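The values are calculated or read from the model by the stated rules, or taken from the named source; none is laboratory data. All figures in this text were calculated on a predicted structure; none of them were measured in a lab. Virtual Cβ from ideal backbone geometry, glycine too; neighbours counted across all protein chains shown.
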Amino acid sequence: MKHRFSKIQYLPRWAIGLGGAIVGVGAIAGGYWFFAQSQSSSPPPEVPATSVTLATETPPPPALPFQNLGEVEIFATTTSPIRALAISPDNRFLASGHDDGTIQIWDVATAQLRYTITDHKFAVLSLDISPDGQTLASASRDRTVKLWNLATGQLQVSLNRHQDAASSVIFNPNGQQVISGSRDGTINIWDWRTGQLLKSFAEQSFPIYSVAISPDNRWIASGGFQAIKLWDVETGEIARTLTGHYKDVNSLGFSPDSQFLISGSRDRAVNIWEIETGTALHNLFGHYLEVETVAIHPQGTILASGSADKTIKLWHLKSGKLLKTLEEANGKVTAIAISEDGKYLVSASQDRKIRIWQ
């Protein structure tokens, strides 16, 4: 039986080699096409999200208090020149201390005189009201410091250790103690409820005209002739002596953050001191007569100074820039007080008038 075989035509070797090469190249090309197709059909790789901060407007700095201050009201006219002022924390009462030794308590809402205290024999030089608004402290040229029930005017205690005029008095931050400074050169710290003298610091060189205590209860500042002493409340030691004034320092006040001290002097200057370094940041010479009184706004941004030149000046605490001058007094400005909420500035002058600025 014959088998049929397909005819096979044999190719030369060179043709076979060329064909193999073509097949190889085709396979490679096909593989590349398949790879490219598979890559192009797959989703793009994830890109990590970038954190984007949108631009926002910078809020304007808070407005300085008393920028529009200028409206003045004659609150009261008294029978004797005024040496001291104090406002209760709730703005209900205003106390004024006078050259004739009287203290008058006023109703702020009605501007009516509530009562008059006549116990001091000589001029009342300083007043302060306790943080709870219930007690009034007074210091007098008759050498006494007295504590009163503010609502009734009843005397609670009389403190009698000073040997010369009691020139300044202030409550400590918690209201449990009062600090008094005297022209006898002493500073006394009292438990006013019991009348007990807790500590006494002695300035041997000069009389003390003003005292202040820092809100953090670390420092007592005393102003005398040409210098200010910073006393450590706990130890009673002088920590620093601030020099820069060349006459009596009439008035002192700490900033709310206890970092700065303000002083007003008979040399016409208002100085701003940095407590930690004891350096004078600013020496402000805007007044042309002696500075009688200074006060700091509760925000700690501005201070007020009152002078014998019949003006009140408002200054920026940090920069020392003069912001405003108030010129309504018909006599030298003898006392300034700023309400605890910062809404009112109260001044007294030698013309026997109390003015409220708002």
Task: Filter result (surrounded by fewer than 23 Cβ atoms within 10 Å (Cβ to Cβ) and under 20 Å from residue 143 (Cα atoms)) within the range 203-247 - done: 203, 204, 205, 206, 207, 224, 225
- [ ] Considering each of 286, 342 in turn, give the residue that is surrounded by fewer than 20 Cβ atoms within 10 Å (Cβ to Cβ), closer than 23 Å to residue 131 by Cβ and touching a residue at least 24 places away in the same chain (Cβ under 8 Å).
- [x] 342
TODO: State whether the residues of the range 328-336 include one that is free of Cβ contacts under 8 Å to residues at least 12 places away in the same chain, within 26 Å of residue 216 (Cα to Cα) and within 19 Å of the chain's Cα centre (by Cα).
DONE: no
- [ ] Could you tell me which numbered condition residue 186 fails, if it satisfies all but one of (1) surrounded by fewer than 20 Cβ atoms within 10 Å (Cβ to Cβ); (2) over 30 Å from residue 77 (Cα atoms); (3) among the hydroxyl-bearing types (Ser, Thr, Tyr)?
- [x] (1)
Open item on the list: Name the single residue that is surrounded by the most Cβ atoms within 10 Å (Cβ to Cβ) among those in the range 153-171 being under 32 Å from the mean Cα position of the chain (by Cα) and in a loop (DSSP other than H, G, I, E, B).
Closed with: 162
- [ ] Take residue 208 and decide whether it is in contact with a Lys or Arg (Cβ under 7 Å, 6 or more places away or on another chain) and either under 18 Å from residue 261 (Cα atoms) or of a type in the set (Ser, Thr, Tyr) (or both).
- [x] yes
TODO: State all residues of the range 303-321 that are more than 17 Å from the chain's Cα centre (by Cα) and outside any loop (DSSP other than H, G, I, E, B); if no residue qualifies, say none.
DONE: 306, 307, 312, 313
Task: Residues of the range 58-116 that turn out to be closer than 17 Å to residue 134 by Cβ, at pLDDT 95 or above and of a type in the set (Val, Ile, Thr), as a count - done: 3
